1. Can you tell me the accessible area per residue over the stretch 123-178, all protein chains present, probe 1.4 angstrom, in square angstrom?
2. Quick one: net charge of residue 89's neighbours, Cβ under 14 Å, K/R +1, D/E -1?
3. Indicate the gyration tensor shape class of the stretch 71-140 (rounded, prolate or oblate), computed on the Cα atoms with a ≥ b ≥ c the square roots of the eigenvalues: a/c under 1.5 is rounded; otherwise a/b larger than b/c is prolate and the rest oblate.
4. Would you kindly state how much longer the chain becomes between residue 177 and residue 108 on full extension, computed as 0.36 nm times their sequence separation minus their alpha carbon distance, in nm to one decimal?
5. State whether the stretch 1-112 is rounded, prolate or oblate according to the following rule on the C-alpha gyration tensor (a ≥ b ≥ c being the square roots of its eigenvalues): a/c under 1.5 gives rounded; otherwise a/b larger than b/c gives prolate, and the remaining case gives oblate.
6. Report the local net charge at residue 69: Lys and Arg +1, Asp and Glu -1, summed over other residues whose C-beta lies under 11 Å from its C-beta.
7. Residue-wise, which Karplus ³J(HN,Hα) couplings in Hz belong to the stretch 161-178, taking 6.51 cos²θ - 1.76 cosθ + 1.60, θ = phi - 60°, and x for glycine or proline?
8. Given +1 on the Cβ of Lys and Arg, -1 on the Cβ of Asp and Glu, and no further charges, what dipole in debye does the chain carry about its Cα centre, rounded to the nearest 20?
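The values are calculated or read from the model by the stated rules, or taken from the named source; none is laboratory data. Only a predicted model underlies this, so the values are computations on that prediction, with no experimental measurement involved. Because the Cβ atoms are built from the backbone with ideal geometry, glycine has one as well, and the counts that use them run over all protein chains shown. Ligands, DNA and RNA are excluded from the accessible area calculation, which covers all protein heavy atoms including side chains. Shrake-Rupley method; radii C 1.70, N 1.55, O 1.52, S 1.80 Å.
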Amino acid sequence: VGSFQPWHGVGRILEGFSRASAGHPDARLLMVGEGPLLEDARRESIRLGCAERVVWAGPVPRDRVPLWIGAADAGICLWDPVRSDPGSSVKLLEYLACGRPAVASDVAGYTRPLRSARAGWIVRVGDTDSVAQAIHDVLECPSGDLDAMGRRGRAHVSASATWNSAAVRILDFMREAG
């Protein structure tokens, strides 16, 4: 789910999927959204020979995003260093909030939730081999294990990444300060 921006690593996702899914003919990659690199991504899927296994959903209304995330076994959230700061990933938190484990780049704003919740796979920035391995691991992971990771991710987001949890942290800080 995203806006197909240069820093989203869409080409790396497609190449990783193409490699990892070679032994999984029923595997599908769900791509939801639109953006400046969408047509390049479509051409790349053809070049890689996986176009028939990629589902291009296009843009969806914001209130329907959880349904699309729920249709996946896991989310993928990469960052390619074409800008200076990856920031934190709302997309990753959405995947976890929807009870889906994730594959994410090894940058602080992305990996903290995955490490804290043990809710997915962390890949090296810019490394297609580690992306392919993580996607392979998702495809090989028993559904019960994926569900357990998803539950841990959802619990983590509920406890630490909602407006209510932010308000509690601010109030605690104010109490401690004085």
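1. Numbers: 3660 Å² over 56 residues.
Accessible area per residue, the stretch 123-178: 65 Å².
2. Values: positive: 83, 91, 100, 112, 115; negative: 80, 85, 94, 106.
Residues close to residue 89 contribute a combined charge of +1.
3. Oblate shape, in that a/c is at least 1.5 and b/c is the bigger or equal ratio.
4. On the way: separation 69, 0.36 × 69 = 24.84 nm, distance 2.69 nm.
Gain on stretching residue 177 to residue 108: 22.1 nm.
5. Working: a/c = 1.41, a/b = 1.22, b/c = 1.16.
It is rounded, given that a/c, with a ≥ b ≥ c, falls under 1.5.
6. Numbers: positive: 64, 91, 100; negative: 73, 94.
My count for the surroundings of residue 69 gives +1.
7. These are the phi-based 3J(HN,Hα) values: 9, 10, 4, 5, 5, 5, 4, 4, 4, 5, 4, 4, 4, 5, 5, 5, 6, x Hz.
8. Numbers: 21 positive and 21 negative charges, 77 e Å.
Computed charge dipole of the chain: roughly 360 debye.
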